[in-house]
Structures are given as structure tokens and as C-alpha cells.
Amino acid sequence: MSSVTQLFKNIPVNRDRIIPLDFSNAKTLPESHVWSKPEPEPEPMIRPIPVISLFNPEQAILQHACEEWGVFHITDHGVPHSLLHNFECQMKKLFSLPMHRKILAVRSPDESTGYGAVRISMFYDKLMWSEGFSVMGSSLRRHATLLWPDDHAEFCNVMEEYQKAMKGLSRRLISMVMDSLGITHEDLGWLVPEITGSRTESIQSFLQLNSYPVCPDPHLAMGLAPHTDSSLLTILYQGNVPGLEIQVPEEEGSRWIGVEPIEGSLVVIMGDLSHIISNGRFKSTMHRAVVNKTHHRVSAAYFTGPPKNLQVGPLTDDKDHPPIYRRLIWEEYLAAKATHFNKALTLFRC
Ligand SMILES: O=C(O)CCC(=O)C(=O)O
Ligand SMILES: [Fe+2]
């Protein structure tokens, strides 16, 4: 019995929801990965997505970006270009491994770290044209050893250095966006535990590496299906291959617009928790990733949120705008999202 068969032998799980297709062998799009008829070419984008320099950010512009878009580019973020470059090289090194090597590090159904299809696959009948590698907690080295028994140090070092840079940057960004709402560090004690004197509460993070192989029929395929992030906020590295799209409301329905890469920038995506904490002011924007015929695209989402046992809710004392969400334990929200997916937010409306 192979190691993968062994891993799943007692678990009633659909294996193709965890183990992606071997894209290197796929010369045509299998029926299992056909999503839709080609959409008509979209009109050119009229409103560009905000770009915010962290060198000297203006609060009003930041607030506008969070309220009107829920997504924005950041420049002058202080993460060295060389680190971003090495990080992308390591992601490509990982995803370019042959399938029989990648599945040595497959994540088991109850595990957070490892190789596999994106988690939201289970909410859709069709399969996505992507594969991922999730990094949470301390088991990175164990998984990397499975992939490269003698040669994993560089991969691990770069992943750790990137996570360290993201940790600092995410704290800075959270402070900035919360400041723009008038929310103080004391209100968000878990962000800076020293303030509350707590030793255990602190920011939690999760790194998701995504790979979108070149696709024989990109108009019929889906890289990553529409979703909102549960996080407080997400920092997305997307290299220079386009693919990220956000949904913007329009008079007749809504449309998807591309978040075109800007050399050296990172993308910030406000998550469901920002929407809750801001009492609905900040947008948790629906987004997706599309694929293309010529370029392998990689991206990396660094999600941040509070500890699971923390109670969260709208941080507002504005009498004119009473809370629209009830207080909840963060774990409760994550569980609701894992069951009800894009409908989870509505379950907590007052
Ligand atoms: O690949 C992308 O551009 C989007 C990734 C994303 O939304 C996610 O990992 O949650
Ligand atoms: Fe996302």
C-alpha cells in the first residue's frame, strides 16, 4: 500500500478534494475541471485599485481603501526585494517537484501543514486548477524533510524569514487600519499582548502558498473559486503574473476586475473579521484567482487573526450605528465558515 493510500485508509474523505490533479500530465482540461462557458470580454477597468505607500500613509486614503474596496496595494512596505525574490524562487522549486514527490508531504485531512488542493474545494462540485502548500505552526521542517530529505534548509530558512517579515508588517498594518477607525491598541489587546499583560493571547497567522499551473483552456477553468478571507487581514504576494480578481458591485449586478500586479508591491485584503470589528464599515471583498495558458503563477496569502478562544465583535460605541453583528468566540466563526462557507457572516447578524 502506498504511503498516501495508507494515510487516507480510515478516513472517509474524497481524495480528489485533497490531492490535486497531476497538472504536468494534463494536456486538455478534464470534465472534472470545467467550470463555465467563456465569459464575454470585460470592459476595461475604469476605477484603479488604491495604491498606498507605507512611507507616509494618509489615514483618510487608507480608510477610503478599506471602506470602498477592501483591497489595496502597498508599496514602501520595507520587505526587501531580495527576500520576495527568494521566496518566489522557493515556491516555484516546491511546486515544480514531480507529483510523486509532492504527495510525500500531503496534508492529512485533520492537519494544517502540507501539500494539497485548496481547502475550499469541498464546497464546489468542480475541481480547481491549482495546488497549495499550507504552513502553520512548527511542522514546516518535518514536511520539508519529506520533500527534500537532504536539502531542505534553504526552503525552510526562506519560509521562516518571509513569515517573520509578514508578522511585523501585519501588526503594523492592523494598527494603521484600526487607527483609521479610531480603534486603539487597548481595544485589540490580543494584537499587542504586553498591553493587557496576557502571556498567551497574541496574533495567529497562517501562510498559504498557491500554485496555478499553465492551463490548456483557462476560460473554462477556475484557479481559486470566489471567497472572502476569514482573517482580520491578509497580505498577498502575487509576483508579476496577473490572476487575482475582485468582485465589485455595479448597478446591474456585479463584475470581476483584475488586481494587476505592481512590481515590488504587496496586496492587502481585508477579511471577514475586519468587517465584523468595524461594524460593517470595512469591506470583506469577494475575490478569486483565474488561470492562464502561458505562465505558471504562484501567490502566497499570509492570513492573520486573533487566538481561537477570543471573544470578538463590533468595536463601536456609536449610538447612531448599533452593532450589526453579535459578539462571538473566534473559533465559533471559523467553524461556521468551515460549514457554511460564504454564508457564514450572515449567521452572526443581530
Ligand atoms: O492567488 C491569489 O491571487 C489569491 C489567493 C487567495 O485569495 C487566498 O489564498 O485566499
Ligand atoms: Fe483569499
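The values are calculated or read from the model by the stated rules, or taken from the named source; none is laboratory data. Predicted model only: the values in this text are computed from it and were never measured. Cβ sites come from the backbone with ideal geometry, for glycine too, and all protein chains shown count toward neighbours. Side chains included, ligands, DNA and RNA excluded: accessible areas come from the protein's heavy atoms. Shrake-Rupley method; radii C 1.70, N 1.55, O 1.52, S 1.80 Å.
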Extreme residue, positive dipole direction of the chain, given options Trp148, His81, Leu54 (C-beta unit charges): Trp148
Separation between the Asn309 and Asn157 pseudo-spin-labels, each 7 Å from Cα along Cα→Cβ, expressed in nm? 3.8 nm
If you put +1 on each Lys and Arg Cβ and -1 on each Asp and Glu Cβ, how big is the dipole of region 53-181 around its Cα centre, in Debye rounded to 20? 440 debye
Let me have the relative contact order for the chain, percent, based on Cα pairs under 8 Å that are six or more residues apart. 19 percent
Net charge dipole size for the chain [Lys, Arg +1 and Asp, Glu -1 on Cβ; Debye, nearest 20]: 1100 debye
Report, in degrees rounded to the nearest 10, the 0 to 90 angle that the Cα long axis of helix 330-340 makes with the longest principal axis of the chain. 50 degrees
Provide the per residue accessible area, probe 1.4 Å, for region 201-350, rounded to a whole number of square angstrom. 41 Å²
Exposed-site-free run, longest, the chain (rule: chymotrypsin sites (Phe, Trp or Tyr not before Pro); DSSP loop; at most 15 other C-beta within 10 Å): 125-350
Can you give the accessible area per residue of region 46-145, in Å², using a 1.4 Å probe? 46 Å²
Leaving out ligands, DNA and RNA, and with a 1.4 Å probe, what % of the accessible surface on the chain is carbon or sulfur? 53 percent
As a test of understanding, state the convex hull volume per residue of region 255-321 from its alpha carbons, in Å³. 144 Å³
With a sphere of radius 10 Å drawn around the Cβ of Leu347, what net charge do the other residues whose Cβ falls strictly inside it have (Lys, Arg +1; Asp, Glu -1)? +3
Tell me the Kirkwood hydrodynamic radius of the chain in angstroms, computed as one over the mean inverse distance between distinct C-alpha pairs. 21.2 Å
Simple spin-label estimate for Glu263/His64, 7 Å along Cα→Cβ, in nm, reads 2.7 nm
Under the 7 Å Cα-to-Cβ spin-label approximation, Trp256 and Val34 lie apart by a distance in nanometres of 1.8 nm
Vicinal HN-Hα couplings computed from phi for region 265-273 (Karplus, 6.51 cos²θ - 1.76 cosθ + 1.60; Hz; Gly/Pro x): 8, 10, 10, 9, 10, 6, x, 4, 5
Determine the calculated [θ] at 222 nm for the chain from helices alone, applying -39500 (n - 2.57) to every DSSP H run no shorter than 4 residues and normalising by the residue count; nearest 500 deg cm²/dmol. -7000 deg cm²/dmol
Given a cut-off of under 8 Å on Cα pairs at least six residues apart, what relative contact order in percent is computed for region 214-350? 29 percent
Please work out how much length the chain gains when fully extended from Leu334 to Ser82, using 0.36 nm per residue of separation minus the C-alpha to C-alpha distance, in nm with one decimal. 87.2 nm
Electrostatic dipole magnitude of region 191-350 [Cβ: Lys, Arg +1; Asp, Glu -1; Cα centre; debye, to 20]: 360 debye
If the limit is 19 Å between Cα atoms, which of Lys283/Lys319; Lys27/Lys293; Lys92/Lys293 go over it? Lys283/Lys319
So if I take the alpha carbon set of region 133-274, get Rg, then get Rh from the Kirkwood formula, what is the Rg over Rh ratio? 1.01
Only Cα pairs under 8 Å and at least 6 apart count here; give the relative contact order of region 44-186 as a rounded whole percent. 22 percent
Can you tell which of Ser265, Met136, Pro218 lies farthest toward the positive end of the dipole of the chain, using +1 and -1 charges on the Cβ of basic and acidic side chains (Lys, Arg; Asp, Glu)? Met136
